[in-house]
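The values are calculated or read from the model by the stated rules, or taken from the named source; none is laboratory data. As the structure is a computational prediction, the values presented were derived from the model and not from experiment. We place every Cβ from the backbone using ideal geometry, glycine too, and count neighbours over all the protein chains shown. Remember, those area values only see protein heavy atoms, side chains included, never the ligands or the DNA or RNA. Shrake-Rupley method; radii C 1.70, N 1.55, O 1.52, S 1.80 Å.
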Amino acid sequence: MNNRKLGETGLEISPLVFGGNIFGWTVDQATSFKLLDAFVAAGFNSVDTADVYSKWVPGHTGGESEVILGEWMKRKGNRNEVIVATKVGMDMGDGKKGLSKSHILRSAEDSLRRLQTDYIDLYQSHVDDPDTPFEETFGAYALLIEQGKVRAVGASNHKAERLAAALETSRKSGLPAYQTLQPNYSLIERTDYESNLEAVCVKEGLGVINYFPLAGGFLTGKYRSEDDAAGKARARNVTKHLNARGFQILDALDRVAKKYNATPARISLAWLLARPSITAPIVSATNLEQLHDLVSSVDLAMDHDSVEYLNQASA
């Protein structure tokens with residue numbers, strides 16, 4: 001496995017990150033363990049989660065994903081071999097949200113307890129918090145880094161101008177800076193990242209671990225009508241792409257997939273991995289067959305014409 005440098009964090013991660021938002025949601029603990037076992041057995045080393053996963057499930061309060069990941073690492077005894085990324089800032093209920101110093105410090109302790117570890121490799125601001133000064137947020141991160149509880153910090157769901165302002169504040173104040181970005185980016189969601197965020201990431205040397213690389217499953221090609229998505233957990237994320245542009249992208253994926261004897265999902269991930277600014281897409285699978293298909297994308301190197309064909313089809 002050719003690991004990639006994650007920005008300037010000093011961490012090296014595999015070309016795909018396992019997305020843990022499904023743990024305790026669309027897969028139970030036993031299945032989560034099987035998927036994680038297979039993922040690391042294939043040579044991959046990074047898992048992304050968040051304190052809020054999976055609060056949206058009836059009866060859940062948040063933290064369910066971290067608990068499952070923590071229990072898996074405890075049973076395997078492999079904490080030092082896994083790069084753990086988690087996030088803070090989303091609404092946990094009872095006013096627990098944002099990037100204030102008190103909320104970050106309290107949330108970090110909660111995440112550490114659920115993960116059954118004494119450090120987080122990458123701690124990310126899940127959403128921007130315009131009501132809290134950057135200095136307060138980074139002051140909290142500085143304390144966690146000084147205590148050895150966090151190795152590096154990153155941002156998720158930030159607009160380009162706010163990300164740039166945050167990085168400038170870190171420079172001027174001497175406080176820890178964001179070393180990574182987690183944006184929504186795929187063949188079908190290109191505008192925000194390519195028009196604004198990518199330039200900031202390249203200029204500042206940020207690692208990029210993008211989420212929804214398969215657009216909630218749309219780019220796997222298995223959702224081509226409302227009926228296909230009916231009753232599925234990610235139906236809302238899929239049906240919004242059932243339009244002329246979406247079908248044009250699926251057609252292009254089908255053509256390139258046929259050329260390489262691959263699935264649309266593999267082609268979609270290979271397209272992302274060919275983009276120099278992308279460090280590692282965050283992928284999720286609910287069964288071993290899906291997972292094996294996704295991880296095989298790292299061995300698929302498309303030629304220039306195929307990449308350009310997909311670029312034009314999804315422009």
Open item on the list: Beyond a 22 Å Cα-Cα separation, which of these cross-linked pairs lie in this structure: K5/K101; K5/K222; K34/K96; K55/K232?
Closed with: K5/K101; K5/K222; K34/K96
- [ ] In nm, give the distance between the simple-model label positions of L288 and N3, each being 7 Å from the Cα along the Cα-to-Cβ direction.
- [x] 2.6
TODO: Report the net charge of residues surrounding V40, where surrounding means a beta-carbon distance below 10 angstrom and charges are Lys +1, Arg +1, Asp -1, Glu -1.
DONE: -1
- [ ] Give me the net charge of E161's neighbourhood, meaning all other residues with Cβ under 11 Å from the Cβ of E161; Lys, Arg count +1, Asp, Glu -1.
- [x] 0
Open item on the list: Please report the accessible area of D254 (heavy atoms, 1.4 Å probe, ligands and nucleic acids excluded) in Å², nearest 10.
Closed with: 60
Open item on the list: Out of the total accessible area of the range 227-295 (probe 1.4 Å, heavy atoms of protein only), what percent is carbon and sulfur?
Closed with: 49
Open item on the list: Straight-line reach from K203: which aspartates and glutamates fall under 18 Å, measuring Cα to Cα and dropping same-chain residues less than 8 apart?
Closed with: E8, E161, E168, D192, E194
TODO: Please give the contour-minus-distance gain from L143 to A315: 0.36 nm per residue of separation, less the Cα-Cα distance, rounded to one decimal in nm.
DONE: 57.6 nm
Open item on the list: Keeping all protein chains in the complex and leaving out DNA, RNA and ligands, what accessible area do you get for D37 with a 1.4 Å probe, in Å² to the nearest 10?
Closed with: 50
Open item on the list: Can you show me the helix-derived [θ] at 222 nm for the chain, built from DSSP H runs with n ≥ 4 at -39,500 (n - 2.57) apiece and divided by the number of residues, rounded to the nearest 500.
Closed with: -12500 deg cm²/dmol
